[in-house]
Amino acid sequence: MKAFLSRPRSAFSIRRWPVLLGILALLAVASIVLWKFYSTAPYCRVTVVSLDVDEKAHVKLETGTLFSSGATYWDTYLVNGIPRFSHPTTARTFPPRPIPGWIGSEFDMELEPDCGLQSLAQRATEAINVKVGETYEATPDRPLLLYRFKDKDGDVHERWIEVSK
C-alpha cells in the first residue's frame, strides 16, 4: 500500500491543470481579440476641428482623423473629376488600434456669380459639406465629400476622403 501512495507524479499532475487551462484560455481570448482587430472593415473618422470662411471666400479647414490600423485613406482633390492631387496615408500598428491624424487645407473659392442673391461667404459656406464639431465616417463603400463648388469658369472642384484596405 505504501508503494502505491509514493508513486512519482507525472508532468501533468492534477495541481497543474488549472494553470494550463488558464494559459489556454488567455491564448484563446488574445487570439479572438487580435482576429477582431484585424478583421474589422477599414474606416476613417473625420472630425472638423475648425472652419473659417472670410468675405472673399478664403477657406481654412482643419480636421482630425482616426483611421483603422492597416487601412489606407486617400485625401483627394479633383477638378472636373480629374485628380489634381491624391495623398494616401497608411499605417499598421501592433497590437492593432486606431491611428490619429490631421488634415489641413487653405484655399480660395472662386465661385461662379449668382446675381447677388447671397454673399460670397454664404455661398462658400454652403459649398462645404462638413460642419465644425461633427464627426463623419468614410468606408470603402462610402467616401466622404468635404466640399464641392463650381468656380467662375464653370469647373467643379471637389475634395474627398476615401478608404481602402
Has the stretch 59-74 got any residue that is touching a helix residue (DSSP H, G or I) at 6+ places or on another chain (Cβ under 9 Å), at pLDDT 85 or above and of a type in the set (A, V, I, L, M)?
yes
Would you kindly identify the strands (runs of 3 or more DSSP E) lying entirely within the stretch 56-138 that contain at least 3 residues that are loosely packed, with under 12 Cβ neighbours inside 10 Å?
82-90, 99-108
Does the stretch 144-154 include one or more residues that are in a strand (DSSP E or B), within 15 Å of residue 43 (Cα to Cα), within 11 Å of the chain's Cα centre (by Cα) and of a type outside the set (Asp, Glu)?
yes
Taking the residues in the stretch 64-93 that are of a type outside the set (A, V, I, L, M) and touching a Lys or Arg at 6+ places or on another chain (Cβ under 6 Å) as candidates, determine which candidate is nearest to residue 105 (Cα to Cα).
77
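The values are calculated or read from the model by the stated rules, or taken from the named source; none is laboratory data. The structure displayed is predicted, hence computed values, not measured ones. Virtual Cβ from ideal backbone geometry, glycine too; neighbours counted across all protein chains shown.
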